[in-house]
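K.L.:
My questions will all concern the structure given below.
Values in this text are rule-based calculations from the coordinates and carry no lab data. Fair warning: this is a prediction, and the values are worked out from it, not measured in the lab. For neighbour counting, all protein chains shown are included, and Cβ atoms are generated from backbone atoms with ideal geometry for every residue, glycine included.
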Amino acid sequence: MYVYLYDNFLNHRKYTATIKTIENRLTDYGIAGKILHLNNYIDVKPIIEDEIRRGAKTVVIVGNDLTFGHVLSRGSTCDAVFGFLPIGPNNTVAEVLGIPVGVGSSDILARRRKEKLDVGWFNNRYFVSQLHVPPAKVRVVYDERFQVTTPYKMEVVVCNFQPFFWKKDKKDLEDRVVHPQDGKLEAFLRPYVKKGWWGRESEDPSVFPFEEMEIIGSGPFVVEADGKKTKEVKVKIRLARNKIDMIVGKERRF
């Protein structure tokens, strides 16, 4: 049995035609199922667990990057196969998974090509897309063997599914992108060095694959993981032991 978790932004009428076409195609494939509507304040884990007890085998996330992160950061330990129907803007994860945005995603879902995908862990929480520390005074310790420090602020991004987009400076017209790789976590560190009396300029990010990493601040700093922001003074990050069974496309990037 299939269960479809719809993000609440899909209630906007501009998505009505796309959703109707997708639902018709899912019916044609014989994989239509129960539809549940979510909001950002719902803890999806008990919802998914309840549907699994009722017989659900496949849980399908319908929405964008934020929907994907919101559902899987809580539901990644649930015993189900997950699918993804990306709709609308802000869908960078879909490209990594090889899933087209819009109606074509239903074809990928119907083919049921599955892969086991990594889950990130930090401070007793899970993340699946990306963990981001905006520029802050922090030091980074890798695998308890060496550390990276700077007298200025440093930005840290840890990618799992979601690519890291960045610009060299404010005048840079080109979006630069680094795609995550399967089987490990990668951290992108970008120091902000002093330039002149008033300004700060970011350096090109350095890439560090790791098994375990600690981010330690001189004071509280912001951590954003899968769209949820918290303040921390120390963060320990590693791969989780469990993996996600995910339906992916042939053109996936791993």
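K.L.:
Using Cα atoms only, what is the angle between the long axis of helix 65-75 and the major principal axis of the chain, expressed in degrees (0 to 90) to the nearest 10?
P.N.:
80
K.L.:
Listed highest first by mean packing, meaning other Cβ atoms within 10 Å per residue, what order do 26-36, 75-85 come in?
P.N.:
Answer by packing, highest mean first, reads 75-85, 26-36.
K.L.:
From the Cα gyration tensor of the chain, with a ≥ b ≥ c the square roots of its eigenvalues, which class applies: rounded if a/c is under 1.5, or else prolate if a/b is larger than b/c, or else oblate?
P.N.:
It is prolate, given that a/c is not under 1.5 and a/b is the larger ratio.
K.L.:
Suppose a student asked you for the relative contact order of region 2-112, using Cα pairs under 8 Å spaced at least 6 residues apart; what percent would you report?
P.N.:
Averaging sequence separation for qualifying contacts and normalising by length gives 30 percent for region 2-112.
K.L.:
Could you calculate the FRET efficiency of M1 with K229 from 1/(1 + (r/R0)^6), where r is the beta carbon distance between them and R0 is 22 Å, rounded to 0.05?
P.N.:
0.05
K.L.:
Using a Förster distance of 41 angstrom, determine the FRET efficiency expected from the C-beta separation of T27 and K243, and round it to 0.05.
P.N.:
0.85
K.L.:
Among L109, Y126, F9, whose Cα projects farthest towards the positive end of the dipole of the chain, with charges put on the beta-carbon of Lys, Arg (+1) and Asp, Glu (-1)?
P.N.:
Result: F9.
K.L.:
Using θ = phi - 60° and the Karplus curve 6.51 cos²θ - 1.76 cosθ + 1.60, what whole-Hz ³J(HN,Hα) does each residue of region 132-146 get, with Gly and Pro shown as x?
P.N.:
Calculated HN-Hα couplings, in order: 10, 10, x, x, 8, 7, 9, 10, 10, 10, 9, 6, 6, 10, 8 Hz.
K.L.:
On to the next question. Going down the table (K137/K184; K57/K236; K45/K184), which pairs top 28 Å between alpha carbons?
P.N.:
From K137/K184; K57/K236; K45/K184, over 28 Å: K57/K236.
K.L.:
Also, I was wondering about something else. Which distance in Å, rounded to a whole number, links the C-alpha centroids of region 232-252 and region 41-58?
P.N.:
Going from one Cα centre to the other spans 20 Å.
K.L.:
Nearest 10 degrees, 0 to 90: what angle lies between the long axis of helix 44-53 and the longest principal axis of the chain (Cα atoms)?
P.N.:
The two axes meet at around 30 degrees.
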